[in-house]
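Trainee: This is the structure I want to talk about, given as structure tokens.
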Protein chains: 2
Amino acid sequence: MLDLAIIGGGPAGLTAGLYATRGGLENVVMYEKGMPGGQITQSSEIENYPGIPEVVSGMELMQSWPQQCQRFGLKHEMLEVNSVKKVGEHFELDLGKYIVQAKSVIVCTGSTPRRAGIIGEVEFSGKGVSYCATCDGFFHKEKEVVVIGGGDTALEEALYLAKICSKVTLIHRRDGFRASPTTVKRVKENAKIEVLTNSVVQEIYGDAMGVDGVRVKTSKKTVDLAVSGVFIFVGYDVNTEVLKSEDGYICDLNEFGEVVVDLRMRTSLPGLFAAGDIRADAPRQVVCAAGDGATAALSAISFIEGLK
Amino acid sequence: MLDLAIIGGGPAGLTAGLYATRGGLENVVMYEKGMPGGQITQSSEIENYPGIPEVVSGMELMQSWPQQCQRFGLKHEMLEVNSVKKVGEHFELDLGKYIVQAKSVIVCTGSTPRRAGIIGEVEFSGKGVSYCATCDGFFHKEKEVVVIGGGDTALEEALYLAKICSKVTLIHRRDGFRASPTTVKRVKENAKIEVLTNSVVQEIYGDAMGVDGVRVKTSKKTVDLAVSGVFIFVGYDVNTEVLKSEDGYICDLNEFGEVVVDLRMRTSLPGLFAAGDIRADAPRQVVCAAGDGATAALSAISFIEGLK
């Protein structure tokens, strides 16, 4: 039986593996069907991971992590976990071809931003198209950007970007926003934010250097906006499939479908921990996910000690 | 008026400054009377900060942080903050010679492990004497170590070390432990842990390479133990002086005197955030403190937005 199964190989999963094995757990496997590194490896520029002062790509940032985190015995299995369930005092992971048993589990499968399906969106992803204002807003300092979406996240991110950028055009396909009234009020009162409702971005265009602009169809006409950045917030999928049970989920999720945790990354199910973007209130930053992973591993060590 | 005052310049404070300024806050000052870097700069070896695969000293680890974190406008004032209080909608920081006003405050003054006052303790600190099993346990893999203390932390850390080290001698000056009965039971049942009660370590000795052993006075005799590591857990002081008010503290503390926070690092006082070792359930790791700092800064940005 494994001491610990880690599901997901991004910053949270890798750091959990580092801390768990360095803390003396002996059978620790990280299940990640792809290359370790996580969603951040798709980012073109990172400058806010403390200790790495250079502006690097996500791929460069994560390059040294797998080797460092596997130094103390963490194993990586390139397998997908279909589901996890607790059977008596231990966990069973369904890997399709076989079942693996573990004393504890850390789930760090993250969340995936939804694409808006705009022409040019995929092509310019990481080259001006972004799904994270905290990550990429600063690269558009004193420049004009577009925010697409009409929910709380879109409006909050527009407010965040308005502190950094010279102008933010918030584009929403419907007439009204689905956000808290105070947030809507703040957006409408912000001199740097222009709101275009009943409008859709038809195309994102640019060249090899990145985005140059967007074509927007409003209710009256089609206009071109010269912007360097397009921030898309049309929702995200929390990757909790693995936690599904016959009658719901094996642990508590919140109203957004995120895993509820305490400060020690304990979920509602003893022995199951969550770390990184899958958990409630995640700031979606590499350093935060890594911190979560360390925390979850220390909690798992303590949990296993308590089983004896 | 400052947008944000950060009190403390360790990994939490520096990362908070990075995220706050990169997120567009304009007047952000970090108050740190010494050189930025924090307690970790006193550690001789770090190998568990993800992304820094080499074994480095704490000083080396933190070397690049101040410059990186100050790139976006964070100012460092080499001043000590005497106290913080909320006056109406803003905060006032007493700097002795003058008062500074701020819209929000992040406190990250950490905690300080108490010294046991043993001969050789200071001399070998960082060279075998440690106050953190998670940090330094692995450097004594398959070696013998001593743990000093009789509370929950000492016993839990002894259990942690027993997974890594070949033998752990737990030395406590009293007859009984002040720890939960289940933890005491686990310690007593652990074959790798030997318990010496009514015993004190009189001296820690070694050479330039580090600790060689300790001299222990038990109730019957004086013995020498050849160990490479001495882990001291005789309590720690949470550095909350700055949060003291006339009738207690300006925010809620828990039974251990740590600042109570939620997952967004919000304290019980709106606009006041805590990050790093000062907060409840802190894992006392650089990566966790840095994650806290980022989280607290994003919460402060959001809080300030809400003031408008």
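Trainee: Quick one: which of B:Lys143/B:Lys192; B:Lys33/B:Lys244; A:Lys143/A:Lys185 span more than 21 angstrom between C-alpha atoms?
Mentor: In this structure, A:Lys143/A:Lys185 exceed 21 Å between Cα atoms.
Trainee: How far apart are the B:Leu307 label points across copies, placing each 7 Å from Cα toward Cβ, in nm, shortest first?
Mentor: So the label point of B:Leu307 gives 4.9 nm to the other copies.
Trainee: List the distances, in nm to one decimal, from the label point of A:Gly257 to the label points of the same position in every other copy, shortest first, placing each label point 7 Å from Cα along the Cα-to-Cβ direction.
Mentor: 4.6
Trainee: Can I ask one more? Give the average, rounded to an integer, of partner chain Cβ atoms located within 10 angstrom of each Cβ in B:40-51. If you can, show how the numbers build up before the last one.
Mentor: Numbers: counts 0, 0, 0, 0, 0, 0, 0, 5, 10, 7, 20, 18.
Partner-chain Cβ atoms within 10 Å, mean over residues of B:40-51: 5.
Trainee: Taking each residue of B:291-298 in turn, how many C-beta atoms of other protein chains fall within 10 Å of its C-beta, and what is the average?
Mentor: Rounded to a whole number, the mean comes out at 6.
Trainee: Right, here's the next one. Express the Stokes-Einstein translational diffusion coefficient of the protein assembly as shown in µm² s⁻¹, to the nearest whole number, given a Kirkwood radius over alpha-carbon pairs, 20 °C and a viscosity of 1.002 mPa s.
Mentor: Estimated diffusion coefficient is 84 µm²/s.
Trainee: Enter the buried accessible area of the A/B pair, total of both sides, probe 1.4 Å, in Å² rounded to the nearest 100.
Mentor: Between A and B, the summed buried area is about 4700 Å².
Trainee: To continue, here is another question. Run the lone-cysteine check on chain A: no other Cys C-beta under 4.7 Å from the residue's C-beta.
Mentor: If one checks each Cβ against the other cysteines of chain A, A:Cys69, A:Cys108, A:Cys165, A:Cys251, A:Cys288 turn up with nothing under 4.7 Å.
Trainee: Sorted by accessible area with a 1.4 angstrom probe, largest first, how do A:Lys75, B:Lys163, A:Lys103 fall?
Mentor: Largest accessible area first, the residues go A:Lys75, A:Lys103, B:Lys163.
Trainee: Would you be so kind as to list the residues of the range A:7-26 that have their accessible area lowered by at least 40 Å² in the full protein complex compared with their chain by itself (1.4 Å probe)?
Mentor: Buried on complex formation: A:Tyr19, A:Arg22, A:Gly23.
Trainee: Would you tell me the accessible area of A:Asp237, worked out with a 1.4 angstrom probe on the heavy atoms of the protein chains, in Å² to the nearest 10?
Mentor: Here the residue's solvent-accessible area equals roughly 70 Å².
Trainee: Quick one: accessible area per residue over the protein assembly as shown, 1.4 Å probe, rounded to a whole number of Å²?
Mentor: Per-residue value: 42 Å².
Trainee: Also, quick follow-up: Would you mind pulling out the separation of the Cα centroids of the range B:204-279 and the range B:99-132, in Å?
Mentor: 7
Trainee: Still on this model: So what does the Cα-only Debye profile of the range A:115-232 read at q = 0.10, 0.19 Å⁻¹, as log10 I(q)/I(0), no solvent term?
Mentor: The calculated log intensity ratios at q = 0.10, 0.19 Å⁻¹ are -0.25, -0.94.
Trainee: Within straight cross-link reach of A:Lys103, meaning Cα distance under 12 Å, which aspartates and glutamates are found once same-chain residues fewer than 8 apart are removed?
Mentor: Within the straight-line cut-off, A:Lys103 pairs with A:Asp3, A:Glu26, A:Glu89, A:Glu92, A:Glu305.
Trainee: Which helices of chain B meet both criteria: a Cα extent of 18 Å or more along the helical axis and a mean Kyte-Doolittle score no lower than -0.5, with helices taken as whole DSSP H segments?
Mentor: Sorted by number, the helices that extend far enough and score high enough are B:286-307.
Trainee: Note down the net charge around B:Ile7, summing +1 for each Lys or Arg and -1 for each Asp or Glu among other residues with Cβ under 12 Å from its Cβ.
Mentor: Charge balance near B:Ile7 sits at -4.
Trainee: State, in angstrom, two size descriptors of the range A:244-308 derived from its alpha carbons: Rg to one decimal place and Dmax to the nearest whole number.
Mentor: Every Cα atom of the range A:244-308 included, Rg and Dmax give 12.1, 36 Å.
Trainee: Rank A:His140, A:Thr222, A:Gln202 by how far each Cα sits towards the positive end of the charge dipole of the range A:115-232 (+1 on Lys, Arg Cβ; -1 on Asp, Glu Cβ) and give me just the farthest.
Mentor: Positive-end residue among those listed: A:Thr222.
Trainee: Something else: Bin width 20 Å, alpha-carbon pairs only: give the P(r) of chain A as whole percents, running from 0 to the bin holding the largest distance.
Mentor: 32, 50, 17, 0
Trainee: Could you sort the residues of the range A:67-81 by number and keep only those whose accessible area is reduced by 40 Å² or more in the all-protein-chain setting relative to the chain alone, 1.4 Å probe?
Mentor: With the partner chains in place, the range A:67-81 has these residues losing at least 40 Å²: A:Gln68, A:Arg71, A:Phe72.
Trainee: Where does the charge balance sit around A:Ala208 when Lys and Arg score +1, Asp and Glu -1, over other residues with C-beta under 12 Å from its C-beta?
Mentor: -2
Trainee: Then there's this: Any idea what the relative contact order of the range A:32-191 is, in percent, if you count C-alpha pairs under 8 Å spaced at least 6 apart?
Mentor: Once normalised by length, the contact order is 14 percent.
Trainee: Follow-up. Taking the Cβ of B:Ile250 as the centre, find all other residues whose Cβ is under 9 Å away and add up their charges (Lys, Arg: +1; Asp, Glu: -1).
Mentor: +3
Trainee: Another one. Percent of accessible area on the protein assembly as shown owned by carbon and sulfur, 1.4 Å probe?
Mentor: Answer for the protein assembly as shown: carbon and sulfur cover 49 percent of the accessible area.
Trainee: Let me confirm one metric for peptide A:276-285, namely the mean number of other chain beta-carbon atoms within 10 Å of its residues' beta-carbons.
Mentor: 3
Trainee: Under a point-charge model restricted to the Cβ atoms of Lys and Arg (+1) and Asp and Glu (-1), what is the dipole moment magnitude of the protein assembly as shown relative to its Cα centre, in debye to the nearest 20?
Mentor: On the way: 64 positive and 78 negative charges, 92 e Å.
Roughly 440 debye for the protein assembly as shown.
Trainee: Name the residues of the range B:97-134 whose accessible area, probed at 1.4 Å, falls by at least 10 Å² once all protein chains are in place instead of their chain on its own?
Mentor: Residues meeting the cut-off: B:Thr134.
The values are calculated or read from the model by the stated rules, or taken from the named source; none is laboratory data. The model shown is predicted, which means the values in this text are computed figures rather than measured ones. Ideal geometry is used to build each Cβ from the backbone, glycine not excepted, and the neighbour counts take in all protein chains shown. What goes into the accessible areas is simple: the full protein's heavy atoms, side chains included, and nothing from ligands, DNA or RNA. Shrake-Rupley method; radii C 1.70, N 1.55, O 1.52, S 1.80 Å.
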